[in-house]
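Notes follow the structure.
The values are calculated or read from the model by the stated rules, or taken from the named source; none is laboratory data. Computed from a prediction, not measured in an experiment: that's the story for all the values here. Every residue, glycine among them, receives a Cβ derived from its backbone with ideal geometry; neighbour counts consider all protein chains shown. Note: areas computed on protein heavy atoms with side chains; ligands, DNA, RNA excluded. Shrake-Rupley method; radii C 1.70, N 1.55, O 1.52, S 1.80 Å.
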Amino acid sequence: MPRIAVIKFPGTNCDEDVVNAFKRIGSSVEAKVVWYKEFNEKDWDAIIIPGGFSYGDWLRAGAIAVRTHTMEKIRRSVEKGIPVLGICNGFQILVEAGLLPGALLPNEHGKFVCRWTRTVIENPKGPWLTLASSGEELDMPVAHGEGRFYIDYESYSLLEKESSILRYMKGYNPNGSIYDVAGITSRDGLVFGLMPHPERAVGRELVPRGFNPGGEVVFRSIEFSLKKGW
C-alpha cells in the first residue's frame, strides 16, 4: 500500500484535515501525520506539507521550517523522484526552500483572508494533477495572510511554458497575486504548491452552494499515480 507522510511542524494545524481528505474519498493509500523530527525519507512514497503557521510565521512564513534537517530530507526525496505537495504554509515553505520559484508576500490589502475562491488549472502535469484536465475549474477556500505570489517577468515566462499553473479566475484573486497565480508546479510536476486548501474542498457537504469540491482531484490524482507506480 502506498504511504504518504503528512509533515507536522510546530504550528502546523491542517495535518489531520489532509489525512481525513484521503479517508473522505475512500482512498486506499495510507496517509499519516509524521512529527517533523521523526520523518525518515526512506519510509514514504509521497510527502505533503500542510497548512498552518509553522513556528508562528516568525521572520517570514516558512522561513524557520525550511532551516530544519527535515527539509534537507525532503530535498533529497525530491531528487529521488518522490512527489511533494505544499498547501498554504507548505507552499510558502517550498518556495523558501527553493523547490519552487517566486516568493509569497503579505496580502496586498494587508489583511488575513479566509474565503472560497474559484481557480482554473492550466497545463496539468505530474502525479498531483494526473486526473485534472487543462481548463478545469477547481473551487477551494483560502486562509492566509501571506499568500500574494510574486515572480519576475522572465522567470514567469519560463514557468508558464514549462510548469502547471493554478490561477485564480477573474474576480476571485483574494490577495493580489501577480498574474492571478494561486499555485504552481516544478517543471516535471513532481513538486506542487498552492495557497488554496484542497483538503477543505473534498465532499459536497463541505462546499458552499454554487462551488464545486475542487480539492478532490488532487487527492485522487496522487492515489492513482502511486498505484500506477509513479
Placing each pseudo-label 7 Å from Cα in the direction of the beta carbon, Asp188 and Asp152 end up separated by a distance in nanometres of 2.6
Taking 0.36 nm per residue of separation between Arg76 and Lys228 and subtracting their Cα-Cα distance, the length gained on full extension comes to 52.5 nm
Residue-normalised value, i.e. accessible area per residue, for the chain at 1.4 Å probe, in Å², stands at 44
A correct Stokes-Einstein calculation for the range 93-187, using the alpha-carbon Kirkwood radius, 37 °C and 0.692 mPa s, returns a whole-number D in µm² s⁻¹ of 242
Ordering Tyr55, Tyr168, Tyr150, Tyr179 by the accessible surface of their heavy atoms, 1.4 Å probe, largest first, yields Tyr150, Tyr179, Tyr55, Tyr168
Plugging the Cβ-Cβ distance of Lys37 and Ala103 into 1/(1 + (r/R0)^6) at R0 = 35 Å yields, to the nearest 0.05, a FRET efficiency of 0.80
So, over other residues within a Cβ distance under 10 Å of Arg3, counting Lys, Arg +1 and Asp, Glu -1, the net charge is -2
A correct Karplus calculation of ³J(HN,Hα) over the range 182-197, with 6.51 cos²θ - 1.76 cosθ + 1.60, θ = phi - 60°, whole Hz and x for Gly and Pro, returns 9, x, 8, 10, 5, 4, 8, x, 5, 10, 10, x, 8, 7, x, 9
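Can you give the net charge of the other residues whose Cβ lies under 9 Å from the Cβ of Ser28, counting K and R as +1 and D and E as -1?
With Lys, Arg at +1 and Asp, Glu at -1, the neighbours total -1.
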Between Glu162 and Ser133, the two model label points (7 Å from Cα along the beta-carbon direction) sit apart by a distance in nm of 2.9
Exposed-loop cut sites defined as trypsin sites (Lys or Arg not before Pro) in DSSP loop states with at most 16 other Cβ within 10 angstrom; longest site-free run of the chain spans 1-59
Between the modelled labels at Trp58 and Lys23 (7 Å from Cα along Cα→Cβ) the distance in nm is 3.3
Given the candidates Gly26, Leu129, His197, the one whose Cα lies deepest towards the positive end of the charge dipole of the chain, counting +1 at each Lys or Arg C-beta and -1 at each Asp or Glu C-beta, is Gly26
Restricted to the chain, the DSSP antiparallel beta bridge percent, nearest 5, is 60
In whole percent, the fraction of accessible protein surface over the chain that belongs to carbon or sulfur atoms, probe radius 1.4 Å, stands at 50
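Beyond 29 Å between alpha-carbons counts as too far, so tell me which of Lys42/Lys227; Lys73/Lys170; Lys8/Lys228 fall in that bin.
Lys73/Lys170
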By accessible area (1.4 Å), largest first, Asp57, Asp188, Asp152 order as Asp188, Asp152, Asp57
P(r) of the range 127-230 over all Cα-Cα pairs, 10 Å bins starting at 0, rounded to whole percent, reads 14, 45, 34, 7, 0
Rh_Kirkwood(the chain) over Cα pairs, Å, one decimal, evaluates to 17.1
